[in-house]
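The structure appears below as structure tokens.
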Ligand SMILES: Cc1cc2nc3c(=O)[nH]c(=O)nc-3n(C[C@H](O)[C@H](O)[C@H](O)COP(=O)(O)OP(=O)(O)OC[C@H]3O[C@@H](n4cnc5c(N)ncnc54)[C@H](O)[C@@H]3O)c2cc1C
């Protein structure tokens with residue numbers, strides 16, 4: 001078993017680390033200052049546009065997409081350590097490199113299931129970082145972790161579909177650059193096969209009947225750089241029939257295909273967030289003194305730092321194994337591991353961030369350190385892309401099946 005990264009990965013890692021030091025970390029304060037002066041805090045700031053141009057010029061662009069005709073052509077195993085690095089500054093680096101959710105998942109859907117026309121109209125500008133997009137599945141009125149509950153209607157009417165429903169926590173939608181929604185809704189609500197009732201359809205933001213109603217907060221944060229999370233109402237929004245993604249009834253299968261890579265990307269970035277927390281813990285522990293000795297010399301602090309290191313090493317191995325399995329046996333073959341990392345990583349990283357907050361005292365919950373916002377972001381990943389319990393239930397079922 002070889003635990004080293006290959007030459008291409010090492011070369012990209014070195015370039016990405018240099019890009020983070022030279023451009024991304026220094027831009028964090030600039031982004032906050034520029035955002036405060038904007039008419040809408042969810043807009044893309046000038047400094048993010050500068051980062052995008054720089055990253056693209058350096059070839060650090062679309063690293064997530066395995067098809068080299070469209071993206072960097074990396075395997076999951078090659079991309080994993082790169083996503084981890086971008087996770088150290090999760091509000092800027094993924095955007096800078098055009099590797100930010102939910103656009104990545106949406107680009108994968110268009111790449112895999114889109115028609116030539118859909119690719120030209122939406123995939124190309126997304127790959128160029130000219131527009132942003134959102135994925136609209138969750139609804140406030142039903143338990144959306146069970147996708148069969150979705151109530152939004154997508155009704156055929158002549159050469160069009162009419163979309164009616166209410167969604168929330170639609171990431172990215174508060175950014176005016178978010179030009180299109182991939183909406184999940186029912187085309188055949190009474191169909192006998194519950195998994196064939198849903199379809200996915202492209203709804204441009206400027207379609208009459210589309211209303212981005214309000215911003216949803218995350219523990220009080222606006223998640224501004226990320227484009228926020230919106231409640232969006234579709235009131236008889238009429239789009240051409242050609243906007244359907246894939247076939248009628250194929251929505252459920254597309255949603256499953258979309259979430260596999262998305263989940264591992266989140267986990268990779270979470271590990272980067274944990275690494276940043278460890279760095280901050282070490283700096284803080286060495287630079288502050290309490291009761292006559294540096295915080296680093298207090299036994300419990302050492303235990304926190306050591307435990308965090310052990311946890312991160314365990315998580316990284318499991319995430320890399322999952323990436324390798326996805327490359328070698330496919331997403332379906334890696335199902336158990338994908339669920340395992342989605343259960344284990346956010347939970348453990350929330351714990352590490354919580355200790356880092358504790359070590360920073362009041363500073364930990366303040367706006368002067370990234371920890372509070374990182375904690376909130378990590379905590380939401382115990383819900384987004386499927387709550388822990390849903391993955392646990394499914395994983396347990398597969399384990400039990402071996403003995404049934
Ligand atoms: C920051 C953020 C960003 C998001 N971005 C998007 C987005 O871009 N697009 C989108 O469509 N959605 C998005 N979501 C929504 C997210 O995917 C849903 O919140 C998630 O799928 C859960 O659905 P729900 O909120 O309806 O919870 P529910 O389905 O009501 O579930 C509530 C709780 O019930 C429990 N539960 C559910 N099922 C089981 C079970 N089988 N066994 C045991 N317990 C169970 C779990 O604890 C679960 O957390 C986002 C959410 C957040 C917080």
task = Would you work out the relative contact order for the chain, in percent, from Cα pairs under 8 angstrom that are 6 or more residues apart?
result = 14
key: Shape of the stretch 96-210, Cα gyration tensor, a/c cut at 1.5   = prolate
query = For the Cα atoms of the chain, what angle does the longest principal axis make with the long axis of helix 371-380, in degrees from 0 to 90, nearest 10?
reply = 40
query = Of 365, 232, 203, which has the largest mean-square fluctuation in a 10 Å C-alpha GNM of the chain?
reply = 365
query = For the stretch 63-77 and the stretch 125-157, what is the separation of their Cα centres, given in Å?
reply = 25
query = Dividing the alpha-carbon Rg of the stretch 177-319 by 2.2 N^0.38 Å yields what?
reply = 1.61
ask   = Out of 286, 92, 320, any idea which swings most in a Gaussian network model of the chain, alpha carbons joined below 10 Å?
value = 286
Using a Förster distance of 45 Å, the FRET efficiency for residue 149-residue 32 (Cβ separation, nearest 0.05) = 0.70
note = Cα-based Rg then Dmax for the stretch 259-404, in Å, read 17.4, 61
inquiry  = Is the C-alpha gyration tensor of the stretch 33-93 telling us rounded, prolate or oblate? Criteria: a/c under 1.5 is rounded; beyond that, a/b larger than b/c is prolate, otherwise oblate.
reply    = prolate
request  = May I ask you to derive the relative contact order of the stretch 1-147, considering only C-alpha pairs under 8 Å and at least 6 residues apart, and to give it as an integer percent?
outcome  = 20
query = If packing is taken as the mean number of other Cβ atoms within 10 Å per residue, what is the order of 277-285, 222-230, 264-272, 353-361, highest first?
reply = 264-272, 222-230, 353-361, 277-285
ask   = If r is the Cβ-Cβ distance from residue 219 to residue 160 and R0 is 45 Å, what FRET efficiency results, to the nearest 0.05?
value = 0.65
Tilt relative to the chain, helix 25-36 - C-alpha long axis, 0 to 90 degrees, to 10 = 60
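When a/c reaches 1.5 or more, the comparison of a/b and b/c decides; with that in mind, is the stretch 7-71 rounded, prolate or oblate per its Cα gyration tensor?
oblate
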remark   = For the chain, inverting the pair-averaged 1/r of distinct alpha-carbon atoms gives a Kirkwood value in Å of 22.0
key: P(r) of the stretch 109-157 over all Cα-Cα pairs, binned every 5 Å from zero, in whole percent   = 5, 17, 18, 15, 17, 17, 11, 0
remark   = Residues of the stretch 235-267 with backbone N under 14 Å of the label point set 7 Å from the Cα of residue 115 along Cα→Cβ are 239-248
request  = Once you've got the GNM for the chain with C-alpha springs shorter than 10 Å, pick whichever of 288, 132, 316 has the biggest mean-square fluctuation.
outcome  = 288
inquiry  = How long are the semi-axes of the equivalent ellipsoid of the stretch 15-145, taking √(5λ) for every eigenvalue λ of the Cα gyration tensor, in whole Å from largest down?
reply    = 24, 20, 15
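What percent do you get for the relative contact order of the stretch 270-404 when only Cα pairs under 8 Å and 6+ apart count?
Values: 115 pairs, mean separation 35.5, N = 135.
Contact order relative to length: 26 percent.
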query = If you line up the long axis of helix 335-359 against the longest principal axis of the chain, both from Cα atoms, how many degrees apart are they, to the nearest 10?
reply = 40
ask   = Can you work out the FRET efficiency for the pair residue 347 and residue 303, with r the C-beta to C-beta distance and R0 = 25 Å, to the nearest 0.05?
value = 0.85
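Values quoted throughout were computed directly from the atomic coordinates according to the rules given, and no laboratory measurement underlies them. Note that the coordinates shown come from a computational prediction; the quantities given were computed from them, not determined experimentally. With ideal geometry, Cβ positions are generated from the backbone for all residues, glycine too; neighbour counts draw on all protein chains shown.
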